Amino acid sequence: FGMYTDAEIRKLSVKSIINPLFLDNAGTPSPNGLYDLALGPLDNKEVCVTCLQDFNNCPGHLGHIELPLTVYNPLFFDKLFLLMRGSCLNCSHLTCPRAAIHLLLNQLKLLEIGLIQEIHDLETILSKVSFILRNLF
């Protein structure tokens, strides 16, 4: 689970979408547009140009749009806001304790390799250790 890099997006994409028109004057899908048949058939009368399957069997294919500037995914705005709020305005470093940063980085590593239960286990163990250390001193 994660975001695709630019290179991964281009590799998965079967078509660069450069035409702003969905359909031409005759009502057929415009080449290099959002309804290009390389992305999959629009109805049961058409065949996919990419996999040559009909409407019922084609899984659909990815296209991509090249943008001149970086665009942030609005689904991540809340996370971006939290990161910005927790960052130093002078040096841009995170202002949370180093232990929290290391915990998060290790949880992300576990997530990348699919060890979901271990993410929770790690947090539980560290919270117990933290509790013990607080009560010792």
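Structural remarks
This table checks each residue for (1) within 29 Å of Tyr72 (Cβ to Cβ); (2) not polar (S, T, N, Q).
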site	(1), (2)
Cys91	yes, yes
Leu115	yes, yes
Asp121	no, yes
Leu126	no, yes
Asn135	no, no
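- Boolean, Thr50 is modelled with pLDDT under 90 and either in the same structural domain as Thr5 (by the TED database) or touching a Phe, Trp or Tyr at 6+ places or on another chain (Cβ under 6 Å) (or both): no
- Restricted to region 59-113, and to residues there that are of a type in the set (Val, Ile, Thr) and surrounded by fewer than 10 Cβ atoms within 10 Å (Cβ to Cβ), the residue that is nearest to the chain's Cα centre (by Cα) is Val71.
- Note on region 1-40: residues that are acidic (Asp, Glu) and surrounded by 12 or more Cβ atoms within 10 Å (Cβ to Cβ) amount to 2.
- Among (1) modelled with pLDDT under 85; (2) farther than 30 Å from Ser13 by Cβ - the single one Leu83 does not satisfy: (2)
- Selection of region 9-27 for residues being assigned to a loop (DSSP other than H, G, I, E, B) and within 21 Å of Pro59 (Cα to Cα) yields Ser13, Val14, Ile17, Phe22.
- Whichever residue in region 43-58 is of a type in the set (A, V, I, L, M, F, W, C) and over 15 Å from Pro29 (Cβ atoms) and, among such residues, is surrounded by the most Cβ atoms within 10 Å (Cβ to Cβ): Cys51
- Count - residues of region 50-109 that are free of Cβ contacts under 8 Å to residues at least 24 places away in the same chain, part of a loop (DSSP other than H, G, I, E, B) and closer than 30 Å to Leu21 by Cβ: 15
- Residues of region 28-48 satisfying the condition of being assigned to a loop (DSSP other than H, G, I, E, B) and within 18 Å of His64 (Cβ to Cβ): Ser30, Pro31, Asn32, Gly33, Leu34, Tyr35, Asp36, Gly40, Cys48
The values are calculated or read from the model by the stated rules, or taken from the named source; none is laboratory data. Everything numeric here is computed off the predicted structure, so don't read it as measured data. Note that each Cβ is placed from the backbone with ideal geometry, even for glycine, and that neighbours are counted across all protein chains shown.
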